[in-house]
Amino acid sequence: MPLSQLSHSSDPLPESGVPARWLLMRLWREHVRGYWAKLLLAGVLMTIEGAALGGVAYLVRPLFDDLFAAGDVGGVAWVAVAMALVFILKAIAGFWQRLIMVTIGLEVTTALQKRLVTHLLSLDMGYFRDNSPGALIERVRGDTLALQGLASNVVMSLGRDTITFLSLLAVMFFNDWFWTLLALVGLPLLVLPIVALQRFIRRTTTASREAAARLSTQLDEIFHGIQSVKLNRLEPHETARFGQEVAGFLRHAIRSQRGLAANPAMIDVVAALGFAAVLYHGGSQIATGGKTVGEFMSFFTALALIFDPLRRLSAVAGQVQAGVASLDRLYAVLEAKPTILPPARPQPVTPGDIRFEDVRFGYGGTPVLQGLSFTAEAGRTTAIVGPSGAGKTTVFGLLTRLIDAEAGHVSIGGVPVTALSLEGLRDAIAVVGQETALFDTTIAENIRLGRLDATPDEVRAAAEAASVTEFADALPLGLETGVGPRGSALSGGQRQRVAIARAMLKAAPILLLDEPTSALDARSEQLVQAALERLSEGRTTLVIAHRLSTIRDADRILVLDRGRLLEAGSHAELMAADGAYARLEALQSAGLTPQL
């Protein structure tokens, strides 16, 4: 059974359902509060930018009543210069406040991304079984970028547009309070519809983000399995499957955008009614001499300008709900806790035998190990064989504490692994598996992952010992050659030799080999097997093998079936016993699939 199926630490990425105000307050405390000085400066600049339009609307009244009526051309010129200066001041304040707010948004976003990755790396393997790579990528990238919009757009709109609205409202009241009430009388009627709309926006935005995560997951599967897609001519099938997911995403995204678009539309309806009422009533007063043209034009200018910030402010609530939906998803990840915890008083790792004593482990109610007991002697090679599902990989997971036993004891040198520090335990173990984890960097850097402080000479020595230089020296850049995504520029045998070089550089006293030659051709297997023999010298080695020919020289061979130890001994002893191991050997020699 794959190790990824052997434990779990959380349900798949739940949303918390926490009220928006608490999520926003938590974001403020943990990531935004440190920028208070910059935010204060941005607030001053927003005030200047927001008040500018109020100043423009105010200047319209004397322009019509005092200057146009008197034919004062010089006065008109001064008002024109004043209006130009107001717009220039607005432009300068707007530029700097936008720059400050966008910078803060980017810094908060990247800090959140680093925090999320750091936290995710602290979680158990079961969390990554429950949550696909695509879903996690969408959390780290998609949801944090959605928050960036919350910072740069919503905060700016709240600051700038609120000041703009208030300044224009003051100009309107200064000209005529009754006209103002007449123009805005419909706004209270929008309260309940807008509240209902915010709930709709948060719900549909959450569904849209989840659909985006499914898209990312499917893309990861397609690109990761591109070879299988092409060999099995699955291009039309995968295209159709992706099309279904895109259609689902599009449906949710359009519903979310429909809610966001409804806010300003409702404001426009109120604006239309307000314009009509003020135009009729105010026009009548001007016709009868009750109001001047300047008063009307100043009021009408403010009224025309006020609905633009009002539309943006009405959209803010929807944008906040969209951002809160992403914030809710982010904190759901951050609330996940690891179950594999270090001991309060960790003991150092000491060389010695590896012991499993009556170890039991199960997953989802299905037992995997059922009272397994064995000893792997220090400095010797112990092989583990058995059919799929026998519990071989689970042994490695328990030894490295990727999972913990439900009962029994696993110890190294007489000390339970649960009493060792996680760092010390994993530093003492090197693993070479059947699937080599290479990263998209150079051969040398992939080897150096075994010990990050290794010198170039130490890296080259490990590469030579693992026969990496046999192919690397023929490349134009040698060990500085890139290996491509997941090592795609190298063959299977070359990737395995890089992994062995990494283990050699680590020089850990315990070596775990998980069928490292299972997918190699004869030539590659010969080279890798020779490198493994050099790597195993003087180390406590546990090796999982399906092909018995690769472990005949092991000091001890364990035969597992359904989580129990059936037999143990050397190759010669087990063959002489004529039991399960002998049957496996006979079946493999006949070219048949062995079954215990």
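The values are calculated or read from the model by the stated rules, or taken from the named source; none is laboratory data. It should be emphasised that the depicted structure is a prediction, and the values quoted were computed from it without experimental measurement. Heads up, the Cβs are rebuilt from the backbone with ideal geometry, glycines too, and the neighbour counts pull from every protein chain shown. Ligands, DNA and RNA are stripped out before the accessible areas are found, and what is left, the full protein with its side chains, is counted by its heavy atoms. Shrake-Rupley method; radii C 1.70, N 1.55, O 1.52, S 1.80 Å.
General observations
- Selection of segment 52-65 for residues being closer than 29 Å to I92 by Cβ and modelled with pLDDT under 70 yields L63, F64.
- L13 being within 21 Å of the chain's Cα centre (by Cα), under 30 Å from G134 (Cα atoms) and modelled with pLDDT of 80 or more: no
- Failed criterion for L330 (all others in (1) farther than 30 Å from R21 by Cα; (2) open to solvent by less than 10 Å² (accessible area, probe 1.4 Å); (3) of a type outside the set (G, A, S) hold): (1)
- Within this structure, E435 fails the test of being more than 11 Å from V498 (Cβ to Cβ), surrounded by fewer than 19 Cβ atoms within 10 Å (Cβ to Cβ) and modelled with pLDDT of 90 or more.
- Screening T239 with (1) of a type in the set (S, T, Y); (2) out of contact with any Pro (no Cβ under 7 Å at 6 or more places or on another chain); (3) crowded, with 16+ Cβ neighbours inside 10 Å; (4) modelled with pLDDT of 75 or more gives one miss only, at (3).
- Candidates G248, G323 - the one that is farther than 30 Å from A51 by Cα, part of a helix (DSSP H, G or I) and modelled with pLDDT of 75 or more: G248
- So G371, is it at pLDDT 80 or above, within 29 Å of D555 (Cα to Cα) and not in a strand (DSSP E or B): no
- Taking the criterion of being over 17 Å from I340 (Cβ atoms) and either crowded, with 19+ Cβ neighbours inside 10 Å or touching a Cys at 6+ places or on another chain (Cβ under 7 Å) (or both), the residues of segment 380-410 that qualify are T381, T382, A383, I384, V385, G386, A390, G391, K392.
- Tally of residues being of a type outside the set (D, E, K, R), open to solvent by less than 60 Å² (accessible area, probe 1.4 Å) and in contact (Cβ under 8 Å) with a residue 60 or more places away in the chain across segment 137-150: 6
Residue-by-condition table, conditions (1) open to solvent by less than 40 Å² (accessible area, probe 1.4 Å); (2) modelled with pLDDT under 75; (3) of a type in the set (A, V, I, L, M, F, W, C):
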{"residue": "A93", "(1), (2), (3)": "yes, no, yes"}
{"residue": "R98", "(1), (2), (3)": "no, no, no"}
{"residue": "E107", "(1), (2), (3)": "no, no, no"}
{"residue": "S132", "(1), (2), (3)": "yes, no, no"}
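- Residues that are modelled with pLDDT under 75, open to solvent by 30 Å² or more (accessible area, probe 1.4 Å) and within 30 Å of E138 (Cα to Cα) within segment 186-215 comprise I194, V195, A196, R199, F200, R202, R203, R209, listed in sequence order.
Quick grid of which residues meet (1) buried (at least 22 other Cβ atoms within 10 Å of the Cβ); (2) at pLDDT 80 or above; (3) more than 34 Å from the chain's Cα centre (by Cα); (4) at positive phi:
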| site | (1), (2), (3), (4) |
| --- | --- |
| D308 | no, no, yes, no |
| L313 | no, no, no, no |
| A336 | no, yes, no, no |
| P343 | no, yes, no, no |
| P351 | no, yes, yes, no |
| E357 | no, yes, yes, no |
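- Segment 376-403, residues that are among the small types (G, A, S) and in a loop (DSSP other than H, G, I, E, B): A378, G379, G386, S388, G389, A390, G391
- Of the residues making up segment 166-185, those that are surrounded by 17 or more Cβ atoms within 10 Å (Cβ to Cβ) and closer than 12 Å to A57 by Cα are S167, L168, L169, V171, M172, F174, N175.
- Only listed residue being open to solvent by 70 Å² or more (accessible area, probe 1.4 Å) and modelled with pLDDT of 85 or more, chosen from R556, R547, R539: R556
- G569 falls short on exactly one of the conditions (1) open to solvent by less than 10 Å² (accessible area, probe 1.4 Å); (2) in contact (Cβ under 8 Å) with a residue 24 or more places away in the chain; (3) farther than 28 Å from T442 by Cα, and that condition is (2).
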